[in-house]
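One structure is given here, and the rest of the page talks about it.
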Amino acid sequence: VKIMIHCGACMLSEKEVESRYQDFLRKKIPICNYGLAMAKMTGILERSIEML
């Protein structure tokens, strides 16, 4: 596994999310939010952080 793309976890308890994050951090696997990953893949991330 090179990267873990995780959803907002609205259906999980805080304890479950923290446990998952700790497992991946312990294995030195980067974690990315699903929304940010989708924004990057569709090319809107750069536009969304540009100066107006």
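Numerical summary
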read-out	value
Criterion: small (Gly, Ala, Ser) and in contact with a Leu (Cβ under 6 Å, 6 or more places away or on another chain) - qualifying residue of Ala39, Ala9	Ala39
Of all residues in the range 31-52 being touching a strand residue (DSSP E or B) at 6+ places or on another chain (Cβ under 7 Å) and not in a strand (DSSP E or B), the one that is surrounded by the most Cβ atoms within 10 Å (Cβ to Cβ)	Ala37
Any hit, the range 4-25, residues being under 13 Å from the mean Cα position of the chain (by Cα), part of a loop (DSSP other than H, G, I, E, B), at pLDDT 95 or above and surrounded by 10 or more Cβ atoms within 10 Å (Cβ to Cβ)	no
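The values are calculated or read from the model by the stated rules, or taken from the named source; none is laboratory data. Nothing here was measured: the structure is a model prediction, and the numbers come from that model. Cβ sites come from the backbone with ideal geometry, for glycine too, and all protein chains shown count toward neighbours.
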